[in-house]
Amino acid sequence: MGKIIVLMGKSTTGKDTLYKKLLSDEQLGLKRVVPYTTRPMRDGEKEGMQYHFVDEEGYNDFFLGRKIIEERVYQTQYGPWRYFTADDGQIDLDKGSFLLIGTLQAFISLTKYYGEEDVIPVYIEIPDRVRIERAIRRENRQAQPKYDEMCRRYLADDKDFSEECIREAGVTKRFNNDRPIEESLAEISSYLIEKGI
């Protein structure tokens with residue numbers, strides 16, 4: 001039986017980069033899970049790569065079909081943005097282990113859905129100053145930067161990933177990503193191998 005690895009942490013902690021590199025590690029042999037969102041596509045994103053982009057009607061089809069494993073909604077200045085993982089056939093633990101990026105709530109919901117023994121948390125963190133610098137650089141690269149949304153997300157992350165929430169989710173192992181990426185990858189890979197991946 002495979003496992004589900006949930007890569008999580010506050011925004012701009014380097015999850016996307018780690019995600020790509022972990023997926024390319026042939027020793028781990030991880031398969032990716034593409035979540036869904038109703039938010040607009042960012043510059044450089046492609047359908048089916050980072051997310052499946054759907055509208056509210058698409059979300060409602062999954063909801064009414066009872067196919068949503070976990071979800072969260074953010075009330076933004078541009079309307080509600082939904083992020084969710086659907087039971088759409090992507091995850092089959094008989095066929096290997098899977099990697100996805102999520103939140104603490106996503107991790108909790110996946111654990112309830114699949115069982116504690118099959119879901120492994122990988123919590124990424126960096127100092128707040130570095131997070132802010134990275135967020136500004138990322139937003140500067142957008143054709144139409146949304147600094148207000150960047151600030152909302154930063155503050156929401158402090159609440160969503162509070163020490164109390166991390167503790168309540170049962171996450172005990174953390175990985176510092178404010179160092180050369182190779183060091184972070186080596187530590188995470190060793191941890192996953194110890195966990196039976």
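What number of residues in region 133-170 are out of contact with any Gly (no Cβ under 9 Å at 6 or more places or on another chain), closer than 20 Å to Glu45 by Cβ, among the charged types (D, E, K, R) and surrounded by 13 or more Cβ atoms within 10 Å (Cβ to Cβ)? The number of residues fulfilling the criteria is 6.
For region 1-30, a residue qualifies if it is farther than 23 Å from Arg138 by Cβ and over 14 Å from the mean Cα position of the chain (by Cα), and the qualifying residues are Met1, Gly2, Lys3, Asp25, Glu26, Gln27, Leu28, Gly29, Leu30. For region 106-114, the criterion of being over 24 Å from Thr76 (Cβ atoms), of a type in the set (Val, Ile, Thr) and buried (at least 19 other Cβ atoms within 10 Å of the Cβ) is met by at least one residue. Taking the criterion of being in contact with a Ser or Thr (Cβ under 8 Å, 6 or more places away or on another chain), assigned to a helix (DSSP H, G or I) and not β-branched (Val, Ile, Thr), would at least one residue in region 8-20 satisfy it? Taking every residue of region 8-20 in turn, at least one turns out to be in contact with a Ser or Thr (Cβ under 8 Å, 6 or more places away or on another chain), assigned to a helix (DSSP H, G or I) and not β-branched (Val, Ile, Thr). Counting just the residues of region 65-96 that are within 22 Å of Ile4 (Cβ to Cβ) and of a type in the set (Ser, Thr, Tyr), which one comes out surrounded by the fewest Cβ atoms within 10 Å (Cβ to Cβ)? Once the filter is applied, the top-ranked residue is Tyr83. Could we say that Glu125 is among the acidic types (Asp, Glu) and free of Cβ contacts under 8 Å to residues at least 60 places away in the same chain here? Spelling it out, it is not the case that Glu125 is among the acidic types (Asp, Glu) and free of Cβ contacts under 8 Å to residues at least 60 places away in the same chain.
Is it the case, given these coordinates, that Tyr36 is touching a residue at least 12 places away in the same chain (Cβ under 8 Å), of a type in the set (Ser, Thr, Tyr) and under 26 Å from Gly170 (Cβ atoms)? Let's see the steps before the verdict.
Values: touching a residue at least 12 places away in the same chain (Cβ under 8 Å): yes; of a type in the set (Ser, Thr, Tyr): yes; under 26 Å from Gly170 (Cβ atoms): yes.
The answer is yes for Tyr36.
A count restricted to region 169-197 and to residues that are in contact (Cβ under 8 Å) with a residue 12 or more places away in the chain and either acidic (Asp, Glu) or at positive phi (or both) stands at 4.
Select from region 61-108 the residues that are in contact with a helix residue (DSSP H, G or I) (Cβ under 6 Å, 6 or more places away or on another chain) and without any contact (Cβ under 8 Å) to a residue 60 or more places away in the chain and write down the one among them that is farthest from Ile120 (Cα to Cα). By that ranking, first place goes to Arg82. Scanning region 15-37 for residues that are touching a Phe, Trp or Tyr at 6+ places or on another chain (Cβ under 9 Å) and more than 25 Å from Arg82 (Cβ to Cβ) yields a single hit, Leu30.
Rule-based calculations on the coordinates, nothing more; no lab input. Given the structure is predicted, the values throughout are model-derived calculations rather than measurements. Positions of Cβ are generated from backbone atoms using ideal geometry, with glycine treated the same way; all protein chains shown enter the neighbour counts.
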